[in-house]
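The values are calculated or read from the model by the stated rules, or taken from the named source; none is laboratory data. Treat the numbers as computed from the prediction; the structure is a model and nothing was measured. Here the Cβ positions follow ideal geometry from the backbone for every residue, glycine too, while neighbour counts run over all protein chains shown. These accessible areas exclude ligands, DNA and RNA; they are computed on the full protein's heavy atoms, side chains included. Shrake-Rupley method; radii C 1.70, N 1.55, O 1.52, S 1.80 Å.
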Amino acid sequence: MEKVRVRFAPSPTGYLHIGGARTALFNWLFAKKHNGKFILRIEDTDTERLKEDSVGQILSSLKWLGIDWDEGPEKGGDFGPYFQSQRQRIYTKAAQTLIQENKAYHCFCSMEEIEEERQKQLQAGTPFRYNRKCRNLSSEEVRNRLKQGLSSVIRLKVQDTGQVLVEDIIRGTVNFKLEQLDDFIIMKSNGSPAYNFACVVDDNAMQISHVIRAEEHLSNTPKQCLIYRALGYETPLFAHLSMILAPDRSKLSKRHGATAVGEFQKMGCLPEALVNYLTLLGWSPPEAQSELITPDQTIPSFSLERVSKTAAVYDVQKLIWLNGQYMTTYDLDSLTRRAIPFFIQVGLISNSEAEEKQAYIRGVVSVVKERVRTLVELAEASRYFFQEIVSYDEKGLEKYFLKQDGVELLLSKGSEWLNTLDHFDKESIESAYRQLMDELKIKGGIIIHPMRLALTGRTASPGLFEVMAILGKRKCIERLDKAIDFIQKKFDK
């Protein structure tokens, strides 16, 4: 295979969408597989739709996902600039070359004339095609109109009949008839390039070997192929990725939940889990294996031929499940670092406390992580480690504090035994309580359930003895005494 150079070319009109993230990922995986280059290019010529800081959001999302680029913004390269807004001279020169070779021409038709012609063809029941009114203007007439300052676009000359065959790695041969096209615009009246023109000029200049992009761009491909031919460029290989649909198989939109990478980050997803999910969204490994698959495992077997032609269905529940699997096996120190911003966000710690409490937070994360699926859930499930108990679960109150006989005595005994411990670790606490259970001749649940409610305010938590070890002796005794006082006041005992 020739030297592989692929690109991801987002338009900074919004945040990085899940579809764009998958496109970037597949390009990146393909480049890694073939020891090629992954180029990031920003297509920012559509000034009316640009959004402030969209570029920054796109770059940060790619970095968060671990998708690094070899050339592009912040890195440079031999084929820059990597912002289309900085490449105007290149587009102008290419367009002028086509005019000089009689392959393109200035069109002076006004918007009103174009609309009038559109309505005529619509009434005649035919799809709109530009009527080529300006195609055969003499060179002198064109010069005169330009001297007068008349506004014009530049159109590519397209044959009346024929076809464009697009060889797509995923879809095979796709045939487009020239009768479906007209002399389309390659340069706008304000001098900026049309999308298809800029795309072709840049892909050639940056020596792109494979264009891997979303299915929605397939309809642009015949126009781009015609531009490649007109400019005498070599046409790259194409691969159009299938669409991503919502669970109801409609077009994916915000009404179906999170769709931007930043939203998944705010939900508390781990980047590795999202990358894993995107990898399997339309691509399948060559052999059955665990659904948990890393880029290092994917790269050796990644191929475009294994990308599905049919639309992939977005399932956020599958993503959350995957994320939960990653939470349990994630490196504890890394998970702690990722969790801290969420602990701060919900008010469990302050920014200034993050460093001094890191060891404590690490302990909390170690016992809670296997019971949650996201970092948001992790922070919520950890509240009682940082905040005082202000209420008890209603069902637990009824079952363990109100209806269980002798609960005050059990909590009191538990507090006394904790006071005798010199070493306050999980093993020591568990050993002491096993002895207490033997002495009182009771089953573990009789004391463990009310103890859990007293210490956490909840009926479910990680292992009680692990929780107690993290809370520490003083805090445990304080909460047991508080629960006893609550029971006495609540139930007049």
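How much accessible surface area, in Å² rounded to 10, belongs to the heavy atoms of Thr456 with a 1.4 Å probe?
10 Å²
Output ³J(HN,Hα) for the stretch 124-129: one whole-Hz value per residue in order, computed from phi by the Karplus curve 6.51 cos²θ - 1.76 cosθ + 1.60 with θ = phi - 60°, and x for Gly and Pro.
7, x, 10, x, 5, 9
At a 1.4 Å probe, what is the % contribution of carbon and sulfur to the accessible area of the chain?
48 percent
Leaving out same-chain residues fewer than 8 places away, which lysines sit with a Cα under 28 Å from that of Lys93?
Within the straight-line limit of under 28 Å, Lys93 reaches these lysines: Lys3, Lys37, Lys75, Lys103, Lys133, Lys147, Lys157, Lys188, Lys223.
Given the alpha-carbon gyration tensor of the stretch 233-374, what are the semi-axes of its equivalent ellipsoid in whole angstrom, ordered largest first, with each equal to the square root of 5 times an eigenvalue?
Three semi-axes, in Å: 34, 18, 14.
Using only Cα atoms, what Kirkwood radius does the chain have, in angstroms?
Averaging 1/r across every pair of different Cα atoms and inverting gives 27.5 Å.
For the stretch 1-132, just the Cα atoms, rotate onto the principal axes and tell me the three extents in Å, largest first.
53, 34, 31
Around Val164, under 10 Å between beta carbons, what's the net of Lys plus Arg minus Asp minus Glu among the other residues?
Local charge sum for Val164: +3.
How long is the gain from Asp425 to Glu478 if the chain were fully straight, where each residue apart is worth 0.36 nm and the alpha carbon distance is subtracted?
17.3 nm
How much length is gained if the chain between Leu409 and Thr97 is pulled fully straight, taking 0.36 nm per residue apart and subtracting their Cα-Cα distance, in nm to one decimal?
103.0 nm
Could you list the residues of the stretch 23-44 with an amide nitrogen less than 16 Å from a label point located 7 Å from the Cα of Ser85 in the Cα-to-C-beta direction?
The answer is 41-44.
Would you work out which of Ile170, Gly80, Leu455 lies farthest towards the positive end of the dipole of the chain? Charges go on Cβ: Lys and Arg +1, Asp and Glu -1.
Ile170
Could you work out the relative contact order of the stretch 182-333, using alpha carbon pairs under 8 angstrom and six or more residues apart, expressed as a whole percent?
Contact order relative to length: 22 percent.
Starting from the Cα-Cα distance between Glu52 and Glu74, subtract it from 0.36 nm times their residue separation and give me the gain in nm to one decimal.
6.1 nm
With every protein chain left in place and a probe of 1.4 Å, what is the accessible surface of His17, to the nearest 10 Å²?
Number for this one is 70 Å².
Kindly point out, ordered by number, any Cys in the chain whose beta-carbon has no other cysteine beta-carbon under 4.7 Å away.
Cys109, Cys199, Cys225, Cys269, Cys476
Above 17 angstrom, tally the Cα pairs of the stretch 159-274 and express them as a % of all pairs, no decimals.
Summing the P(r) tail past 17 Å for the stretch 159-274 gives 66 percent.
Averaging sequence separations of C-alpha pairs under 8 Å and six or more residues apart, then dividing by the length of the stretch 339-448, give the relative contact order as a whole percent.
In percent, rounded to a whole number, it is 19.
With every protein chain kept in the model, how would you rank Ile67, Ile448 by accessible area, 1.4 Å probe, largest at the top?
Descending accessible area places them as Ile448, Ile67.
Of the cross-linked pairs Lys413/Lys475; Lys399/Lys475; Lys32/Lys177, which ones have a Cα-Cα span greater than 27 Å in the structure shown?
The pairs that break the limit, which is 27 Å between Cα atoms, are Lys32/Lys177.
Treating cross-link reach as a plain straight distance, find the aspartates and glutamates whose alpha-carbon is under 19 Å from the alpha-carbon of Lys482, omitting any fewer than eight places away in the same chain.
Glu388, Asp393, Glu394, Glu398, Asp405, Glu408, Glu416, Asp492
So with the 1.4 Å probe, I'd like the accessible area per residue for the stretch 76-205, rounded to whole Å².
Each residue of the stretch 76-205 exposes 56 Å² on average to a 1.4 Å probe.
For Arg458, Arg143, write out the residues from largest to smallest accessible area, computed with a 1.4 angstrom probe and no ligands counted.
Arg143, Arg458
Quick one: order Lys490, Lys37, Lys93 from most to least accessible surface, probe 1.4 Å.
Putting Lys490, Lys37, Lys93 in descending order of accessible area: Lys93, Lys490, Lys37.
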